[in-house]
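The values are calculated or read from the model by the stated rules, or taken from the named source; none is laboratory data. Because the structure is predicted, anything quoted here is derived from the model rather than measured. When we count neighbours, we look across all protein chains shown, and the Cβ atoms used for this are built from the backbone with ideal geometry, even at glycine. Please note that ligands, DNA and RNA were not included when accessible areas were found on the heavy atoms of the full protein model with its side chains. Shrake-Rupley method; radii C 1.70, N 1.55, O 1.52, S 1.80 Å.
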Amino acid sequence: MLIDGELVPAASGAQFDNISPATGRVLGATAAGQGVDMQRAIGAARRAFDATDWSTNRALRRRCLHQLQSALEAEQEDLRTELIAEAGCPVMTTELAQLDWPLADALRYPARLVDEFEWERQLDGGGLFGDRNARLVVKEPAGVVAAITPSNFPLEVILNKLGPALAAGNTVVLKPDPHTPWNATRLGRLIAERTDIPAGVVNVVPTPSNEVAAHLGTDPRIDMISFTGSTAVGKLLARRSVDTMTRTFLELGGKSALIVLDDADPAKVIPAAVGVCVHAGQACAATSRMLVHAALFDEVLAAVTAAFAGVTVGDPALPQTLVGPLISAEQQRRVLDAYAQAGDDGAEFTTGGGRCTGLPAELAGGYYVEPTVITGVDNAAAIAREEVFGPVVVLLPFDDDDEAVRLANDSAYGLAGAVVSASSERAMAVARRVRTGAIGVNGGMYYGADAPFGGYKNSGWGRQCGIEGFEQYLETKTIGYRRPRAARG
């Protein structure tokens, strides 16, 4: 762990196993933070914010972010191998959002904002004193940030929290998901060994204990919780933070819709549909509901079924693999339970619906499920409403654009989505009506460190990335003052 500038074991010496989701075998051990370790980390972050110049020294923050960028780039290939091993993500995903994309801009963009952001703005006049009155609006760091991150895109989320939080002048206690701790502990080592980030500014405390993690939601020394994960846990954190009035940023689940209008080319729909299979469907923004115009429904269903049936499932380290394992045996059970529930609800499985069979012997202990295409249910079915976090898509028909929008918005979630049409204008008109935080039109990509990402409704509140994400980590202060009288000549 990294606590108060030191690389340390847990105070108790406790460790926990890091399990390969591809094989079910132990990769190695990680320090298991206990309550005393988390308390020490919170205290270190509090002191670093209150007693050092980190929050006010913008030049230092910019330099340290560039140092961390260089350190990560120097170990980029080690990170790639590590992510494939502990997250079970296919190697191709590390060339995208798992590693290469965030490494390109997740730290560079907020480092640039250190210089470009409008930290202060002047307001003239107002109040009782007319022109002699002036006001200054000042942006200041929120304070101590608890960053709690998931297992599906672990490093991507960590960097897109850490970059703006540090650039804005905050200190951080990072609690990575216990299924994917090593990319975070590597980051901690690089911070300690390769940067000038002062002791206590960043603390990394892995733990398998929910009780230990709960300290971050109740400790009054924490000023902000930045959480990415399930809606259920996000709501729990929000409730626990009320007593301390701790600010929360919550990027939660999704059940996003891919809308296929009647003028779409079915062949252009297939890449977007198969995208649900990437990393075994473990993506909160996955478009796991396909809303297809009735005139194209049978053709699109047949094409999507054939594509899913032909997807390569297997060893995530092989370049041809698109679908690797789920992160854990527990998640595998949840996905299989969702398949079973869909069957009970009368769903038709056009391909998949169970565990993967026929895998090599060395993968027999891995957590694999079949890529699955489901139809024959309506939008009220659990498979169409609940986030599964597996390689499954449900296809639903509609008759016109208004019904497509109604079905897309008939969801507790509002994180992402997509629209496909031969007409850009028509697709944009539909996209503007969908109540969601991000949406792609005809293959357009919304991802980037400069693009705010987050959800409506049960998909959370606040935004990560972009100016909006940077301001998420800032407080606003307004200072009113009287100008001196002008000297008389």
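Given the criterion under 21 Å from the mean Cα position of the chain (by Cα) and touching a residue at least 60 places away in the same chain (Cβ under 8 Å), identify the matching residue among G455, G437. Before the answer, list the steps.
Details: G437 fails: touching a residue at least 60 places away in the same chain (Cβ under 8 Å).
Going through G455, G437 in turn, just one is under 21 Å from the mean Cα position of the chain (by Cα) and touching a residue at least 60 places away in the same chain (Cβ under 8 Å): G455.
With respect to A11, is the statement that it is crowded, with 20+ Cβ neighbours inside 10 Å and among the hydrophobic types (A, V, I, L, M, F, W, C) true? Considered against the rule, which asks whether it is crowded, with 20+ Cβ neighbours inside 10 Å and among the hydrophobic types (A, V, I, L, M, F, W, C), A11 comes out as no.
Only residues that are acidic (D, E) and not in a loop (DSSP other than H, G, I, E, B) were counted across region 241-264, and they come to 1. Of the strands (runs of 3 or more DSSP E) lying entirely inside region 101-190, those containing at least 3 residues that are closer than 22 Å to T248 by Cα span 133-141, 144-148, 171-175.
Output the residues belonging to region 472-483 that are open to solvent by 20 Å² or more (accessible area, probe 1.4 Å) and either closer than 24 Å to G253 by Cβ or free of Cβ contacts under 8 Å to residues at least 12 places away in the same chain (or both). Step through it out loud before you land on a result.
First, the residues of region 472-483 that are open to solvent by 20 Å² or more (accessible area, probe 1.4 Å): 472, 475-483.
Correct list: Q472 only.
Among the residues of region 265-287, which ones are of a type in the set (G, A, S) and open to solvent by 10 Å² or more (accessible area, probe 1.4 Å)? Across region 265-287, the qualifying residues are A267, A272, G275, A283, A285, A286.
If only residues of region 37-57 that are of a type in the set (D, E, K, R) and within 26 Å of the chain's Cα centre (by Cα) are counted, the one that is most open to solvent (accessible area, probe 1.4 Å) is R46. For A85, are the conditions met, namely being within 30 Å of L359 (Cα to Cα), in a helix (DSSP H, G or I), modelled with pLDDT of 95 or more and of a type in the set (A, V, I, L, M, F, W, C)? Judged against the criteria, A85 is a match.
Looking only at residues that are of a type outside the set (V, I, T) and under 21 Å from A302 (Cα atoms) in region 364-376, which one is surrounded by the most Cβ atoms within 10 Å (Cβ to Cβ)? Spell out the reasoning first.
Kept after step one, since they are of a type outside the set (V, I, T), are these residues of region 364-376: 364-368, 370-371, 376.
Still in the running and under 21 Å from A302 (Cα atoms): 370-371, 376.
Values: E370: 24, P371: 26, G376: 15.
Across region 364-376, the extreme among qualifying residues is P371.
Residues are listed down the side, and each one gets a yes or a no for (1) buried (at least 17 other Cβ atoms within 10 Å of the Cβ); (2) assigned to a strand (DSSP E or B); (3) modelled with pLDDT under 95:
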site	(1), (2), (3)
D378	no, no, no
G390	yes, no, no
P397	yes, yes, no
D402	no, no, no
M428	no, no, no
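Taking the conditions (1) open to solvent by 30 Å² or more (accessible area, probe 1.4 Å); (2) hydrophobic (A, V, I, L, M, F, W, C); (3) more than 29 Å from T312 (Cβ to Cβ) in turn, F349 satisfies each one other than (3).
A count restricted to region 148-166 and to residues that are within 28 Å of T478 (Cβ to Cβ) and either within 16 Å of the chain's Cα centre (by Cα) or without any contact (Cβ under 8 Å) to a residue 60 or more places away in the chain (or both) stands at 4. Scanning region 354-363 for residues that are open to solvent by 30 Å² or more (accessible area, probe 1.4 Å) and either in contact (Cβ under 8 Å) with a residue 60 or more places away in the chain or within 12 Å of Y339 (Cα to Cα) (or both) yields R355, E362.
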